[in-house]
1. What single numbered condition from (1) part of a loop (DSSP other than H, G, I, E, B); (2) in contact with a strand residue (DSSP E or B) (Cβ under 7 Å, 6 or more places away or on another chain); (3) within 20 Å of residue 97 (Cβ to Cβ) fails to hold for residue 196?
2. Given the options 121, 102, 87, name the one that is assigned by TED's automatic domain parsing to the domain that holds residue 197 and surrounded by fewer than 15 Cβ atoms within 10 Å (Cβ to Cβ).
3. Is the range 175-187 home to any residue that is farther than 30 Å from residue 25 by Cα, crowded, with 17+ Cβ neighbours inside 10 Å and in contact with a helix residue (DSSP H, G or I) (Cβ under 7 Å, 6 or more places away or on another chain)?
4. Out of all the residues in the range 222-238, which are touching a helix residue (DSSP H, G or I) at 6+ places or on another chain (Cβ under 8 Å) and closer than 15 Å to residue 35 by Cβ?
5. Name the single residue that is farthest from the chain's Cα centre (by Cα) among those in the range 133-160 being farther than 30 Å from residue 48 by Cα and surrounded by 24 or more Cβ atoms within 10 Å (Cβ to Cβ).
6. How about the range 204-282: which strands (runs of 3 or more DSSP E) wholly inside it have at least 1 residues that are over 21 Å from residue 170 (Cα atoms) and in contact (Cβ under 8 Å) with a residue 60 or more places away in the chain?
7. In the range 137-157, how many are closer than 18 Å to residue 44 by Cβ and either outside any strand (DSSP E or B) or not assigned by TED's automatic domain parsing to the domain that holds residue 124 (or both)?
8. Can you confirm whether the range 53-74 contains a residue that is farther than 30 Å from residue 195 by Cα, touching a residue at least 40 places away in the same chain (Cβ under 8 Å) and more than 21 Å from the chain's Cα centre (by Cα)?
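The values are calculated or read from the model by the stated rules, or taken from the named source; none is laboratory data. Just so it is clear, the model here is predicted, and its values are computed rather than measured. Note that each Cβ is placed from the backbone with ideal geometry, even for glycine, and that neighbours are counted across all protein chains shown.
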């Protein structure tokens, strides 16, 4: 299934895409796309609904974050071998873990807002993993059974805040609008091989990032297992699993986002995002 939340910010309704790619309203079946519908049994129940009985949604509504109530937004740094190579840094021996503030979450096509004084705001297309079942000290072999599905993430990052304002990456990762997610949550059963997904990002029509999850240093299963040793992963938690090469700070010369820039990114089968970069506003 491809599950969505659509409508104005704060007023989103649950929906799904049918086999023809048309948006249908799920409000009669569930209150929202949240932790209560992400477990295996709940997803099986949703999958049994005859989509033809669901009302079609007319027009082109805004898509919001496809999961309501994300409790933890966990990022993984330097997780692609080709990205580590472009930065000149050694491949990590263990996953590099940071947190993104959940207040940064935004819809897939919402504007990206430059924070005050920003000079080094950057882009990062990533595969997002949404947890469906509570995971504590799970094995690598069982880890994927705890995953509800996958989505596209843009891990927007202010590099000066990240690298020049102390050793903690979080300050450069959690600014408002730095977490576009979606458009869809694609359930795990639709993904044949999570370690063979293409990723791309374009800036003003020019390809900046091209990658494949096959060059991940730590696989999705390894990441879920690893994280579950250090924190309980709850239904609805989101993991951004790292970015392939082509980010702005690793380019020569460096290129960072500025007002008016247009970003287009996606993963085939998981959908596409498009954002415009705008000035900061309260």
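1. It is condition (3) that residue 196 fails.
2. Residue meeting the stated conditions: 87.
3. Yes - at least one qualifying residue is present in the range 175-187.
4. Listed by number, the residues that qualify are 233, 234, 235, 236.
5. Result: 158.
6. Qualifying strands (runs of 3 or more DSSP E): 206-212, 262-267, 271-278.
7. Residues that pass the stated criteria total 3.
8. Yes, because at least one residue in the range 53-74 is farther than 30 Å from residue 195 by Cα, touching a residue at least 40 places away in the same chain (Cβ under 8 Å) and more than 21 Å from the chain's Cα centre (by Cα).
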